[in-house]
Amino acid sequence: MKVACNAGIFRIVSSEERPALALALLQGTQEIGYGTLYVYVGLFILLVVGFVASTLVLARLIAPSRQSSRMKGQSYETGEATITDPWRPFPVRYYVFALLFLIFDVEAAFLFPWAVIYEEYIAQGLGLYMFIEVIIFVLILVVGLAYAWKKGALKWV
């Protein structure tokens, strides 16, 4: 097996002269060893890592370094003074409530297209199969809703 370059495309050619892999890199016809290809990949990786590292170092050197002031820590969105520590975490139930809303919102997004094309598939004889599939889908979500309700995840406060 050898690597040949022909008409701008690298390809691996077996003994039967069948192309197995094509990479568009060079023009002309020449044989290139696998070691050379690994050198190209290694150089490219070094180039990318060097670019990222130099960008981060340059950003660190250019960025202004000021000490944090008391005014900088104040809230500015509402103009109201903070009462408690702004970094205090929210209770988990707010996130769970939001995730439950997202789950059932996505369910509605899946059920609408299904309902639109359901009549077409009834004519093709797939209506019962589609109906059973959507019933299983909805039942899985109902079990999840019942579990969340039992755990008290739907209580807002």
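Nothing in this text is a laboratory measurement; each read-out follows from the coordinates by a stated rule. All of these numbers come straight from a predicted model, not from anything done at the bench. Neighbour counts run over all protein chains shown; Cβ positions are idealised from the backbone, glycine included.
Summary of values
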item: Cβ-derived FRET efficiency at R0 35 Å, L126 paired with Y147, nearest 0.05; result: 0.65
item: Simple label model, 7 Å out from Cα along Cβ direction - F137 to I62, nm; result: 4.9
item: Charge sum, other residues only, whose C-beta stays under 14 Å from G144's C-beta, Lys/Arg counted +1 and Asp/Glu -1; result: 0
item: Shape parameters for segment 92-151, alpha-carbon atoms, Rg then Dmax in Å; result: 14.5, 48
item: Extended-chain gain in nm, criterion 0.36 nm per residue less alpha-carbon gap, D105 and F90; result: 3.1 nm
